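**Q** This is the structure, below, for whatever I ask next.
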Amino acid sequence: MNVYYEQDADLGYLQGKNIAVLGYGSQGHAHALNLKESGLNVRVGLRTDSASCQKARAAGLQVDTIADAVKWADVVMVLLPDQYQKAIYDSEIAPNMEPGNTLAFAHGFNIHYKQIVPPDTINVIMIAPKSPGHLVRRTFTEGNGVPCLIAIHHDATGEAKQQALAWAKGLGGAKAGVIETTIKNETETDLFGEQAVLCGGSAELIKAGFETLVEAGYPEELAYFECMHELKLIVDLFYEGGLSRMNYSVSDTAEYGGMTRGPRLITPAVKAEMKKILEEVQDGRFAKEFIDECNGGYKNLNRLRKENSSHPIETVGAKLRNMMSWLIKK
Ligand code: NDP
Ligand code: MG
Ligand code: MG
């Protein structure tokens with residue numbers, strides 16, 4: 001597998017081009033600001049009543065409507081929520097793209113599941129930072145970057161790959177490593193990862209651990225520190241040096257207890273369920289369910305959000321985090 005670094009990418013493929021970043025949310029603000037500070041000519045496209053307009057202007061960015069930004073741009077990066085991209089593409093993006101332009105995404109959902117089917121007169125590329133947007137920004141301001149995946153869905157001009165590499169470099173990603181993949185592989189691994197491990201698996205593991213201690217009569221504060229707070233410290237060790245670094249750093253007691261008890265939790269039955277989750281991603285069942293959920297007004301999502309935010313770990317956690325002055329208050 002090829003991994004690209006700074007010397008493999010040439011910002012020249014984007015210099016002198018008009019670059020529109022649509023959306024100024026988690027990813028949008030990071031892409032717009034990082035690319036601008038990398039010397040590129042960036043404008044932000046937002047809906048007319050956008051609450052983010054002020055923020056983007058205060059950061060020194062020119063803001064246009066989505067339609068005007070697309071009309072002006074040679075390269076358009078779509079950083080809007082996945083579930084709204086199709087409608088906005090149909091009404092404001094597609095009518096304003098010209099042959100030879102480039103359409104870019106940070107996640108392959110809409111291309112892979114054919115919600116958006118661009119004409120073959122334009123380049124279609126993906127640059128997917130493997131990180132939340134706020135860290136894409138923070139690591140850049142610290143002089144570093146986050147790893148990125150790139151994919152070339154369609155190369156109309158012969159420069160699609162060079163542009164994707166240049167974008168990743170402008171974001172700071174070429175400092176950490178840029179891997180070329182396909183839209184299919186990015187989309188399916190991304191959805192599986194967030195469902196099984198990163199968001200779904202980890203949150204349920206935390207809640208189950210917390211509930212087990214509290215139901216056995218231990219104080220909520222102890223349970224919070226043990227099952228949620230400390231997890232960050234452990235994950236930092238994975239991040240820095242893998243499983244070995246974690247096992248090297250924790251006590252022999254923790255190492256032995258973890259290695260003997262962990263497999264009793266993540267049993268072959270858990271892995272069998274993971275395989276089912278992966279199949280639903282691969283055959284499009286998850287995508288269809290999510291699109292139906294959005295079209296139906298988020299009934300399940302709203303109920304689940306409420307259930308999660310009223311979990312006791314949230315109340316005790318908010319109280320304890322309030323005392324940790326180094327945590328940025330949001
Ligand atoms: P956000 O939800 O943070 O972005 C919201 C932005 O889209 C805001 O500027 C918002 O406008 C605008 N927006 C929302 N709804 C509409 C609408 N109906 N019409 C016009 N504009 C709208 O998105 P993310 O940054 O999380 O995701 C963007 C893309 O990046 C997605 O494809 C996602 O999969 C991908 N991605 C996200 C990651 C992340 O860290 N979150 C990680 C890697 C990829 P306003 O400011 O007016 O509210
Ligand atoms: Mg994702
Ligand atoms: Mg301990």
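Taken together, the values in this text are just the output of simple stated rules run on the coordinates, not laboratory data. This one's a predicted model, so the numbers in the text were calculated from it and none came from an experiment. When we count neighbours, we look across all protein chains shown, and the Cβ atoms used for this are built from the backbone with ideal geometry, even at glycine.
**Q** Look through G45, G28, G39 and report the one residue that is on the phi > 0 side of the Ramachandran plot and not polar (S, T, N, Q). Step through it out loud before you land on a result.
**A** Details: G45 fails: on the phi > 0 side of the Ramachandran plot; G28 fails: on the phi > 0 side of the Ramachandran plot.
Unique residue meeting the criteria: G39.
**Q** What helices (runs of 4 or more DSSP H) lie completely within the range 196-258 and have 1 or more residues being in contact with a helix residue (DSSP H, G or I) (Cβ under 6 Å, 6 or more places away or on another chain) and without any contact (Cβ under 8 Å) to a residue 60 or more places away in the chain?
**A** On the way: elements: 200-215, 220-224, 230-249.
Those helices (runs of 4 or more DSSP H) span 200-215, 230-249.
**Q** If I ask for residues that are under 16 Å from A151 (Cα atoms) and in a loop (DSSP other than H, G, I, E, B), which ones from the range 121-140 would you list?
**A** Step one: of the range 121-140, the residues under 16 Å from A151 (Cα atoms) are 122-130.
Passing the criteria: I122, K130.
**Q** Let me ask something additional. Could you run through the range 105-120 and say how many residues are polar (S, T, N, Q), over 20 Å from G28 (Cα atoms) and assigned to a helix (DSSP H, G or I)? Explain how you work it out, then say what you get.
**A** Pass one, the range 105-120, residues polar (S, T, N, Q): 110, 115.
Next, only the ones that are over 20 Å from G28 (Cα atoms) stay: 115.
Next, from what is left, pick out any that are assigned to a helix (DSSP H, G or I): none.
Residues meeting the conditions: 0.
**Q** Which residue is nearest to ligand 1 (Cβ to nearest atom), if the candidates are limited to the range 80-101 and must be more than 16 Å from A287 (Cβ to Cβ) and of a type in the set (D, E, K, R)?
**A** E92
**Q** Additional query: Identify, please: which residue in the range 176-195 is of a type in the set (D, E, K, R) and assigned to a helix (DSSP H, G or I) and is, among those, nearest to E307 (Cα to Cα)?
**A** Our first condition is that a residue be of a type in the set (D, E, K, R); within the range 176-195, this holds for 180, 184, 186, 188, 190, 194.
Subset that is assigned to a helix (DSSP H, G or I): 184, 186, 188, 190, 194.
On the way: K184: 33, E186: 30, E188: 27, D190: 25, E194: 19 Å.
Among residues in the range 176-195 that are of a type in the set (D, E, K, R) and assigned to a helix (DSSP H, G or I), the one nearest to E307 (Cα to Cα) is E194.
**Q** Given the condition assigned to a helix (DSSP H, G or I), exposed (fewer than 10 other Cβ atoms within 10 Å of the Cβ), away from ligand 1 (no atom under 16 Å from the Cβ) and not β-branched (V, I, T), answer yes or no: does some residue in the range 282-289 qualify? I'd like the intermediate steps shown before the answer.
**A** From the range 282-289, those assigned to a helix (DSSP H, G or I) are 282, 285-289; that's our starting set.
Keeping just the survivors that are exposed (fewer than 10 other Cβ atoms within 10 Å of the Cβ) gives none.
Taking every residue of the range 282-289 in turn, none turns out to be assigned to a helix (DSSP H, G or I), exposed (fewer than 10 other Cβ atoms within 10 Å of the Cβ), away from ligand 1 (no atom under 16 Å from the Cβ) and not β-branched (V, I, T).
Residue-by-condition table, conditions (1) under 21 Å from the mean Cα position of the chain (by Cα); (2) free of Cβ contacts under 8 Å to residues at least 12 places away in the same chain; (3) surrounded by 15 or more Cβ atoms within 10 Å (Cβ to Cβ):
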{"site": "L40", "(1), (2), (3)": "no, no, yes"}
{"site": "T48", "(1), (2), (3)": "no, no, no"}
{"site": "S52", "(1), (2), (3)": "yes, no, yes"}
{"site": "A56", "(1), (2), (3)": "yes, no, yes"}
{"site": "D74", "(1), (2), (3)": "no, no, yes"}
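**Q** Okay, moving on. From the residues in the range 1-16 that are among the small types (G, A, S) and outside any helix (DSSP H, G or I), which one is nearest to the chain's Cα centre (by Cα)?
**A** Of all residues in the range 1-16, those among the small types (G, A, S) come to 9, 12, 16.
Okay, now just the ones that are also outside any helix (DSSP H, G or I), so 9, 16.
Values: A9: 22, G16: 28 Å.
That would be A9.
**Q** Test each condition in (1) more than 16 Å from ligand 2 (Cβ to nearest atom); (2) crowded, with 18+ Cβ neighbours inside 10 Å; (3) on the phi > 0 side of the Ramachandran plot for G23 and report the one that comes out false.
**A** If we test G23 against (1) more than 16 Å from ligand 2 (Cβ to nearest atom); (2) crowded, with 18+ Cβ neighbours inside 10 Å; (3) on the phi > 0 side of the Ramachandran plot, just (1) comes out false.
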